[in-house]
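No value in this document is a laboratory result; all are computed from the given coordinates. Model, not experiment: these values are computed from the prediction. As a convention, Cβ positions derive from the backbone with ideal geometry for all residues, glycine included, and neighbour counts pool all protein chains shown.
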């Protein structure tokens, strides 16, 4: 089996092992999150045994992910999260069969958006896709989440971010 792994898969699952019968891939940014001795050791051994490879996503996929994240109103995805999602898009477009392993719910949400198969390492999987919008608490005016407005154009109140 071929797995794309997010750092959360290794960091959250203390029993995680790189199996010799599988192949794994991740990004340089995800590798940089392996800071504790256990995960660093696991990663270095997997690289030496050529079980794990590091690949960078294309600029096109990065732009595609950034656009989707903005459209859905997410503001808390890290550069690492974005790189994992962009690499997943690249792998999918190359016709590769793989499973994304992550415990990060935001990554899982966008895996659903891009129809990428994923599994959780420990925390479980999200049940439905979510997005956000901006709403005025005073007059209930709704605006797209990627709007530059911070004040309601109708009444002037501060807009609030809400889950759809």
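The long axis of helix 59-72 is offset from the longest Cα principal axis of the chain by roughly 40 degrees.
Here r is the Cβ-Cβ distance between residue 149 and residue 45 and R0 is 30 Å; the resulting FRET efficiency, rounded to 0.05, is 0.05.
The eigenvalues of the Cα gyration tensor, multiplied by 5 and square-rooted, give the range 51-164 an equivalent ellipsoid with semi-axes of 32, 15, 10 Å from largest to smallest. Of all DSSP-defined beta bridges confined to the chain, some 40% are antiparallel rather than parallel. Among 6-17, 51-62, 147-158, the peptide with the highest mean count of other Cβ atoms within 10 Å heads the list, and the full ranking is 6-17, 51-62, 147-158. Ranked by the mean number of other Cβ atoms within 10 Å per residue, highest first, peptides 28-36, 136-144 order as 28-36, 136-144. Hey, what angle do you get for helix 79-93 against the long axis of the chain, alpha-carbon based, 0 to 90 degrees rounded to 10? Tilt relative to the chain: about 70 degrees. With all pairs of separate Cα atoms included, the range 8-63 yields a Kirkwood hydrodynamic radius of 12.0 Å.
Axis of helix 37-48 versus longest Cα principal axis of the chain: the two differ by about 60°, to the nearest ten degrees.
Seen from all directions on average, the range 2-119 presents a Cα convex hull projection of 6.8 nm².
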